[in-house]
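Okay, structure first, notes after.
The values are calculated or read from the model by the stated rules, or taken from the named source; none is laboratory data. Treat the numbers as computed from the prediction; the structure is a model and nothing was measured. Neighbour counts run over all protein chains shown; Cβ positions are idealised from the backbone, glycine included.
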Amino acid sequence: MGIRIAYIRPMNNKQVLIIDEYGFSRICSAILSSEGYEVTNCTVSDLRGPCNIKDFGLIVTSYPYGTPVFNDIGKRHIPILILSDNIDDNLIRILKTFDSSYCMIKPLDYEKFKSLVKEVLNSDVALQEGYNIV
């Protein structure tokens, strides 16, 4: 096993990119916008077009919906929050590929969701190599 160095940058960026289906993106966007975050919504197919991944403080997506863009996201060294219906071996393998990843199980506890987003964007959580299941 080789040494992995996690690139962790200051999290003063309050921009959140949500990559998900339209309906769920609207829910997450409304919740986070009401908390004062700047939110951009994209679908997986949008990422091949006008909505490019840029310098966001956090990316929120779901599993398996976001799977086609996980490799590209992983290269960006941006914390990611993956929302899933369940946890399986494949999801654990995916979480391990990111420098800093979080996973929440649906149905979401929206208070925990808001709290985790706040902690990640304000650097109140220890951003460490690996993944956290919340």
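If only residues of the range 103-134 that are modelled with pLDDT under 85 and of a type in the set (Gly, Ala, Ser) are counted, the one that is nearest to Thr67 (Cα to Cα) is Gly130. Could you say whether any residue in the range 69-82 is surrounded by fewer than 17 Cβ atoms within 10 Å (Cβ to Cβ), of a type in the set (D, E, K, R) and touching a residue at least 40 places away in the same chain (Cβ under 8 Å)? Scanning the range 69-82 turns up no residue that is surrounded by fewer than 17 Cβ atoms within 10 Å (Cβ to Cβ), of a type in the set (D, E, K, R) and touching a residue at least 40 places away in the same chain (Cβ under 8 Å). When Arg93 is tested against (1) in contact with a helix residue (DSSP H, G or I) (Cβ under 9 Å, 6 or more places away or on another chain); (2) closer than 22 Å to Val134 by Cα; (3) not small (Gly, Ala, Ser), only condition (1) is not met. For the range 37-71, a tally of residues being at pLDDT below 85 and not aliphatic (A, V, I, L, M) returns 9. Consider the range 74-126 and keep the residues that are among the charged types (D, E, K, R) and within 14 Å of the chain's Cα centre (by Cα). The one that is nearest to Ser29 (Cα to Cα) is Lys114.
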